[in-house]
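Here is the structure we will look at.
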Amino acid sequence: MSRSLALLTIPARLAAVVSAAPVPKGRVLPVQFYFPTSVGTRWVYQVGGREETERVYAVEERDGSMLVSVAVLGGDSRVVSVSDKGLFQVPSGIPVWPAKPAEPMCLLKLPERADGSCRWEVESDTGPEKYHVRYVALRGETVRVPAGRYHAVRVTAQYVIGGTTREATFWYAPRVGLVKMVSGGTVKELKAFTPGKE
């Protein structure tokens with residue numbers, strides 16, 4: 001997997017939810033998990049002319065977080081930490097670029113504010129290249145993908161890697177995760193979603 005595609009798939013594990021009723025300014029929306037936490041959950045994505053399948057194979061509760069292990073069929077596996085603080089890519093024993101080996105990489109910072117936005121940044125000077133990522137999560141919208149219609153939160157990311165700026169947009173649905181990603185000429189859309197058993 002190329003470095004830029006690997007970087008773009010890391011944030012693809014996060015999700016957010018927006019309340020249907022207006023929330024008074026300054027109030028925090030109710031916290032929900034923004035990623036499935038059940039073994040057996042399965043996503044099938046359409047990426048160009050091919051399919052990519054991911055599956056949750058283990059879930060462990062630790063220190064107030066759910067550690068969700070996800071396998072990409074024919075590819076790598078990863079661990080995502082899900083809690084009321086947000087969504088984090090957990091580093092493995094072998095450093096995964098671009099995350100620092102000792103620190104989880106914040107994918108989604110919670111709670112979402114009532115104005116529908118949330119901003120956070122990720123930066124590192126370790127790994128093969130320096131990078132800086134600025135994220136903005138915006139109020140929800142309906143997005144259509146081959147798997148159906150989802151009310152999702154749009155997250156935009158601006159990456160500065162080795163002096164080059166790239167942008168990507170991700171759409172996340174509650175309890176589903178990534179439903180769509182657009183980055184350069186790459187479009188990744190959810191084709192099928194099967195929740196795991198509680």
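Under 9 Å between Cβ atoms, which residue pairs at least 6 apart in sequence (or on different chains) link something in the range 161-181 that is on the phi > 0 side of the Ramachandran plot with a partner that is of a type in the set (G, A, S) and surrounded by 13 or more Cβ atoms within 10 Å (Cβ to Cβ)?
Close Cβ pairs (under 9 Å, with a partner that is of a type in the set (G, A, S) and surrounded by 13 or more Cβ atoms within 10 Å (Cβ to Cβ)) amount to R175/A15; G177/A12; G177/A15.
Please tell me if V187 is more than 20 Å from Y34 (Cβ to Cβ), of a type in the set (A, V, I, L, M) and under 17 Å from the mean Cα position of the chain (by Cα). So that I can check it myself, show each step before the final result.
Working: more than 20 Å from Y34 (Cβ to Cβ): yes; of a type in the set (A, V, I, L, M): yes; under 17 Å from the mean Cα position of the chain (by Cα): yes.
Answer is yes for this residue.
Filter the range 47-69 down to residues that are more than 22 Å from P146 (Cα to Cα) and β-branched (V, I, T), then give me how many there are. Walk me through how you get there before you give the answer.
Looking only at the range 47-69, we keep the residues that are more than 22 Å from P146 (Cα to Cα), and these are 57-69.
Narrowing the set further to residues that are β-branched (V, I, T) leaves 59, 68.
Matching residues across the range 47-69 total 2.
Kindly indicate whether V187 is under 19 Å from R119 (Cβ atoms), out of contact with any helix residue (DSSP H, G or I) (no Cβ under 9 Å at 6 or more places or on another chain), of a type in the set (V, I, T) and in contact (Cβ under 8 Å) with a residue 60 or more places away in the chain. Before you say what the answer is, go through the steps one by one.
Numbers: under 19 Å from R119 (Cβ atoms): no; out of contact with any helix residue (DSSP H, G or I) (no Cβ under 9 Å at 6 or more places or on another chain): yes; of a type in the set (V, I, T): yes; in contact (Cβ under 8 Å) with a residue 60 or more places away in the chain: yes.
It is false that V187 is under 19 Å from R119 (Cβ atoms), out of contact with any helix residue (DSSP H, G or I) (no Cβ under 9 Å at 6 or more places or on another chain), of a type in the set (V, I, T) and in contact (Cβ under 8 Å) with a residue 60 or more places away in the chain.
For the range 144-160, which residues satisfy the criterion of being in contact (Cβ under 8 Å) with a residue 24 or more places away in the chain and more than 16 Å from the chain's Cα centre (by Cα)?
V145, P146, A147, V160
Any idea which residue in the range 162-181 is modelled with the highest pLDDT, counting only those that are surrounded by fewer than 18 Cβ atoms within 10 Å (Cβ to Cβ) and assigned to a strand (DSSP E or B)?
Going through the range 162-181, the residues surrounded by fewer than 18 Cβ atoms within 10 Å (Cβ to Cβ) turn out to be 162-167, 169, 175.
Those left that are additionally assigned to a strand (DSSP E or B): 164-167, 169.
Numbers: T164: 84, T165: 87, R166: 89, E167: 92, T169: 89.
Result: E167.
Just name the residue that is surrounded by the most Cβ atoms within 10 Å (Cβ to Cβ) out of those in the range 81-111 that are modelled with pLDDT under 60 and under 21 Å from T156 (Cα atoms).
So the first thing to find is which residues in the range 81-111 are modelled with pLDDT under 60, and the list is 93-102, 111.
After this cut, where a residue has to be under 21 Å from T156 (Cα atoms) as well, the list is 97-99, 111.
Working: W97: 15, P98: 24, A99: 22, P111: 16.
In this case the residue turns out to be P98.
The values are calculated or read from the model by the stated rules, or taken from the named source; none is laboratory data. Since we're looking at a predicted model, the values are computed, not measured. Cβ: placed from backbone, ideal geometry, glycine included. Neighbour counts: every protein chain shown.
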